[in-house]
Amino acid sequence: MAKIRWTVLAVATAIFPGSALADWKPIERVEPYAISGATALDLYRSIGERGPKLGVRRVIAYTDFKLTWRRDYQPRKDGACVLASATPKLIITYRLPQVTGALSSQTRSAWERFIEGVRAHERVHGDIITDMVKKIEEVSVGLRVENDPGCQKVRATLQEHLGKLSQEQRQRSREFDRVEMGDGGNVHRLVMEFINGDRQRSN
């Protein structure tokens, strides 16, 4: 049985007072993959056959992202270096199944409830990613390291912050998925209601 998995890299950060943060918004994209079938069970099997392959298994959907930065490191006259600005470009990609072909009204209704629940879960991951990038920005802008005329120490300091906080954020993502996909969780319930509800209506 296919399971939903999300690829998320995220960090938490501390705020530097007096920092000027950029006004930006993430770019969100949907990359559908085609599935087909006459019943909910057929559709779910098609997901298992055609869903994105992550590792050794196929999954229903995932949220991924690409993050790049435009950073301005400024050496000071006193020998310090300050990260004066850090502007992100965040592209969030939602990989979701899309039905091809006609469905009966009952199966169509079941599918719409199912896929909306999947989208809702994915949007939470999108929000987590966006929040992560805002916190990276907060810890970046205004970061100052003394005795760093070549602005190398400040880069290393920034990476230390992000490495530690990335682990914390990954744990947050894993915990969210554990609850959602565990027995009785929202995603687990969505799958069961989708398959069993359509089957019951067909009998």
Exercise. Looking at this structure, is Lys77 closer than 26 Å to Lys25 by Cβ and either surrounded by fewer than 20 Cβ atoms within 10 Å (Cβ to Cβ) or touching a Cys at 6+ places or on another chain (Cβ under 6 Å) (or both)?
Worked result: no
Problem set entry | segment 50-61 - residue that is open to solvent by less than 10 Å² (accessible area, probe 1.4 Å) and among the small types (Gly, Ala, Ser) and, of those, farthest from Leu90 (Cα to Cα) | Gly51
Exercise. Quick one: which of Arg172, Arg178, Arg123, Arg189 is modelled with pLDDT under 95, basic (Lys, Arg), farther than 28 Å from Asp72 by Cβ and over 16 Å from the mean Cα position of the chain (by Cα)?
Worked result: Arg189
Exercise. If the Cβ limit is 6 Å and pairs must be 6+ apart or interchain, which residue in segment 52-72 that is in a loop (DSSP other than H, G, I, E, B) pairs with which residue that is among the hydrophobic types (A, V, I, L, M, F, W, C)?
Worked result: Pro52/Val59; Ile60/Ala2; Ile60/Ile4; Ile60/Ile47; Ala61/Ile4; Ala61/Leu96; Ala61/Val118
Exercise. Would you say Asp64 is within 28 Å of the chain's Cα centre (by Cα) and open to solvent by 40 Å² or more (accessible area, probe 1.4 Å)?
Worked result: yes
Exercise. Does Tyr44 fit the bill of being open to solvent by less than 60 Å² (accessible area, probe 1.4 Å), more than 20 Å from Arg155 (Cβ to Cβ) and either at pLDDT 90 or above or under 18 Å from the mean Cα position of the chain (by Cα) (or both)?
Worked result: yes
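The values are calculated or read from the model by the stated rules, or taken from the named source; none is laboratory data. Just so it is clear, the model here is predicted, and its values are computed rather than measured. Note that each Cβ is placed from the backbone with ideal geometry, even for glycine, and that neighbours are counted across all protein chains shown. Keep in mind that these areas ignore ligands, DNA and RNA; they rest on the heavy atoms of the full protein, side chains included. Shrake-Rupley method; radii C 1.70, N 1.55, O 1.52, S 1.80 Å.
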